[in-house]
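What follows is a set of notes on a single structure, which appears directly below.
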Amino acid sequence: MATAPREPAPGLAGATHAVSNQPPPLEPYNVFEADLPMREALVREGGGWGAERLRNTGELAGSPEALEHSERCERNEPVLHTHDRYGNRIDQVELDPSWHWLLREAIEREIHSLPWRDPQPGAHAVRAALMYTWGQVNAGVMCPVSMTHAIVPALRENPDAAAEWEPRLTSPDYDSGALAGMAMTEKQGGSDVRANTTRAEPSTDGTWEITGHKWFCSYPPCDVFLTLAQTGEGLSCFLFEGRDPVFQVQRLKDKLGTRSLPSSEVEFLGVRGRLVGDEGRGVATIVRMVNHTRLDCLIGSAAGMRWGTVAATHHARHRAAFGATLISQPAMANVLADLAIESEAATATAMRIARAYDEDGAPFRRLATAVMKYWVCKRAPGHAAEALECLGGNGYVEESGMPRLLRDSPLNSIWEGSGNVAALDVLRAMWKEPEGLPAFLEEVELAQGEDPRLDSHFTKVKSSLHSLGEDAQWLARRLVEDLGLALQGSLLVRHAPAAVADAFCASRLGGGAGHAYGTLPAGVDSAAIVDRVLAG
Ligand SMILES: Cc1cc2nc3c(=O)[nH]c(=O)nc-3n(C[C@H](O)[C@H](O)[C@H](O)COP(=O)(O)OP(=O)(O)OC[C@H]3O[C@@H](n4cnc5c(N)ncnc54)[C@H](O)[C@@H]3O)c2cc1C
């Protein structure tokens with residue numbers, strides 16, 4: 001029986017449902033064009049030639065269409081079909097068409113391949129800016145984009161495999177190109193990959209037969225993967241194809257965030273693999289991939305902070321309470337300025353380190369990636385929670401996008417080296433590659449004499465480095481945090497407007513702020529800082 005629509009009593013609906021004091025939708029806006037800190041960083045780090053590409057990507061990224069696709073594929077989560085109706089194993093992951101829309105756009109924009117296809121100066125910086133811009137639409141979809149980009153340097157350790165796969169992996173054609181993934185983590189331990197139990201046995205045709213399991217393997221529909229397995233010589237790196245019928249997907253993970261992205265548990269029942277790099281040197285080989293994905297973790301966290309800062313600022317500009325817009329009220333201006341400084345520091349850092357991948361700056365690149373992977377990713381969840389709170393109860397509601405931002409925010413700190421492991425990796429890098437630390441300190445020192453708070457922080461860092469002894473692991477997080485702050489301070493003092501640099505040094509280096517966001521000391525020019533958030 002059809003139900004008649006309920007008619008409200010005359011005059012009542014309008015009276016109770018007047019919508020007022022709600023901000024207008026932010027979309028459409030140009031995600032790149034509105035982002036002054038990124039626009040400046042792009043030019044500074046040698047990627048100015050990519051501005052038009054970024055404008056184009058930023059326009060789509062800030063469109064209602066992109067937002068709708070992102071929300072849709074988060075809602076319609078991937079589904080694993082292990083068998084067909086006859087009982088045959090198929091291991092197919094059903095994905096929402098919006099997922100493919102988002103991924104196709106990323107691939108056609110060469111976010112997975114630009115520096116390999118067009119290795120001109122600044123290519124890594126342009127690609128990082130693209131990753132950051134499109135990453136603000138959907139974090140999950142950037143996982144296969146990142147891994148496909150990152151696999152190339154490792155794959156080149158097997159020239160035959162690279163000759164066969166690199167053209168497809170770097171192709172901007174979504175339909176005929178290929179995507180790459182990584183499967184290292186096992187049930188009994190992800191950080192300590194030496195404990196891997198997966199084994200590879202040599203076959204007579206020169207390939208290897210891999211048997212074992214992996215506890216995490218994101219995006220199993222990939223065409224190829226790198227994995228680690230034990231051989232007679234020790235842990236070794238192998239390339240295998242996703243269509244191998246004995247590569248089986250056991251189940252998809254029910255995750256906190258990045259819910260549009262299928263992450264899985266997989267089984268190798270004699271998968272055919274090709275050795276990449278030297279036998280027994282698997283970690284050294286796969287680290288070539290991991291260094292790039294670590295850079296992407298930091299770019300991804302910077303993207304999340306940027307998105308959160310924009311959403312909070314937009315809301316506060318339009319929402320009023322107690323007779324004035326939120327943005328005009330000092331306590332809120334303090335929070336927004338604090339969020340903006342953190343975001344700007346993360347953007348500047350991500351872009352400076354991306355440039356190091358364009359240059360012959362391996363020592364700086366290695367240590368700076370490790371330090372900032374720890375520090376920027378570690379700052380993201382607190383930042384997301386505070387940005388969410390700027391929207392009040394509206395921020396707690398899914399439609400605002402803020403719950404997704406918060407759910408996604410811890411991942412970059414876990415993946416590719418969880419907090420402690422990332423901090424310990426910095427110690428290891430300092431000891432094993434001793435040229436890295438001087439290169440890092442040299443970069444910080446470029447701002448020497450510009451701000452006394454930065455100078456004294458730097459003196460403190462150098463002295464703690466000298467006195468590092470048996471308690472190094474105990475102190476690792478604090479040391480890496482101080483190194484991260486030193487680099488961020490140096491970049492902002494040299495390149496950001498005085499208001500931003502001053503507030504950063506006063507709060508992060510001068511001990512002038514409290515522990516929560518929104519505790520910047522008196523005298524900070526919050527209007528100058530917040531005005532930069534949404535240019536135009
Ligand atoms: C959404 C998602 C997607 C992922 N996708 C992939 C993928 O595609 N491929 C893949 O291979 N992996 C993937 N991973 C796995 C991820 O890389 C691992 O979870 C991560 O490396 C940590 O390993 P673990 O979970 O075994 O934790 P553990 O290694 O058990 O570590 C647990 C905790 O102990 C700490 N810890 C470890 N060692 C030390 C130490 N020596 N001193 C002090 N503290 C220590 C760690 O920092 C961590 O906090 C994914 C994970 C997630 C959440």
* Asked: Quick one: length gained pulling ALA163 to VAL43 fully straight, 0.36 nm per residue minus the C-alpha distance?
  -> 39.8 nm
* Per DSSP, loop chymotrypsin sites (Phe, Trp or Tyr not before Pro) in region 468-536 with at most 12 further Cβ within 10 Å -> none
* Number of Lys-Lys pairs in the chain under 28 Å by Cα, sequence gap 8 or more or different chains? -> 21
* How large is ³J(HN,Hα) for each residue in region 207-216, as worked out from phi by the Karplus curve 6.51 cos²θ - 1.76 cosθ + 1.60 (θ = phi - 60°), to whole Hz, x for Gly and Pro? -> 8, 10, 10, 9, 10, x, 9, 9, 7, 9
* GLU470 versus ARG85: modelled label distance in nm, points set 7 Å from Cα along the beta carbon direction -> 7.1
* Exposed-site-free run, longest, the chain (rule: GluC sites (Glu not before Pro); DSSP loop; at most 12 other C-beta within 10 Å) -> 1-232
* Using modelled backbone amide H atoms (1.01 Å from N, in-plane), which distant-in-sequence or interchain residues come within less than 5 Å of VAL93's amide H? -> HIS81
* Per-residue ³J(HN,Hα) for region 249-260, Karplus 6.51 cos²θ - 1.76 cosθ + 1.60, θ = phi - 60°, Hz, x for Gly and Pro -> 9, 6, 6, 8, 7, 8, 9, 4, x, 5, 6, 6
* Structure fact -> A 1.4 Å probe over the protein heavy atoms gives region 484-536 a carbon and sulfur accessible-area percentage of 53
* Say each of SER176 and LYS460 gets a label point 7 Å from the Cα, pointing the same way as Cα to Cβ; how far apart are those two points in nm? -> 5.9
* To do: Would you pull out the residues with amide H under 5 Å of VAL31's amide H, same chain only if 5 or more places away, H placed 1.01 Å from N?
  => GLU59, ALA61, GLY62
* To do: Apply 1/(1 + (r/R0)^6) to the Cβ-Cβ distance of ARG251 and ARG156, taking R0 = 30 Å, and write down the FRET efficiency to the nearest 0.05.
  => 0.35
* **³J(HN,Hα), Karplus 6.51/-1.76/1.60, whole Hz, each residue of region 96-106, x for Gly, Pro** => 5, x, 5, 4, 5, 4, 5, 6, 4, 4, 5
* **Accessible area of region 289-393 belonging to carbon and sulfur atoms, whole % at 1.4 Å probe** => 55
* Asked: Between THR204 and ALA385, what FRET efficiency comes out of the Förster formula 1/(1 + (r/R0)^6) with R0 = 51 Å and r the beta carbon distance, rounded to 0.05?
  -> 0.35
* Structure fact -> Calculated from DSSP helices alone, with each H run of at least 4 adding -39500 (n - 2.57) and the total divided by the residues of the chain, [θ]222 nm to the nearest 500 comes to -16500 deg cm²/dmol
* Just subtract the alpha-carbon distance of ASP223 and HIS100 from 0.36 nm times their residue separation and send over the number in nm, one decimal. => 42.8 nm
* Asked: Whose amide H sits under 5 Å from the amide H of SER218, counting only residues 5 or more places off or on another chain, with H placed in the peptide plane?
  -> MET182, SER264
* To do: Classify the chain as rounded, prolate or oblate, taking a ≥ b ≥ c as the square roots of the eigenvalues of its Cα gyration tensor: rounded when a/c is under 1.5, otherwise prolate if a/b is larger than b/c and oblate if not.
  => oblate
* **Per-pair calculated FRET efficiency, R0 = 25 Å: TYR396 and THR325 via Cβ, rounded to 0.05** => 0.75
* Structure fact -> The answer for region 401-536, accessible area per residue at 1.4 Å probe in Å², is 46
* **Semi-axis lengths, Å, region 345-457, gyration tensor of Cα atoms, sqrt of 5 times eigenvalues** => 32, 18, 12
* To do: With a/c under 1.5 counting as rounded, go ahead and sort region 1-153 into rounded, prolate or oblate using the C-alpha gyration tensor (a ≥ b ≥ c being the square roots of the eigenvalues; past the cut-off, prolate if a/b is larger than b/c, else oblate).
  => oblate
* Per the Kirkwood formula on distinct C-alpha pairs, the Rh of region 196-277 is how many angstrom? -> 13.0
* Quick one: with all protein chains in place, what share of the accessible area of region 199-274 is carbon or sulfur, to the nearest percent (1.4 Å probe)? -> 49
* **Along the chain, longest interval not containing exposed trypsin sites (Lys or Arg not before Pro), exposed being DSSP loop plus at most 14 other Cβ atoms within 10 Å** => 244-536
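The values are calculated or read from the model by the stated rules, or taken from the named source; none is laboratory data. What you see is a predicted model, and the numbers here were worked out from it, not measured in a lab. Cβ: placed from backbone, ideal geometry, glycine included. Neighbour counts: every protein chain shown. SASA here: full protein model, heavy atoms, side chains in, ligands and nucleic acids out. Shrake-Rupley method; radii C 1.70, N 1.55, O 1.52, S 1.80 Å.
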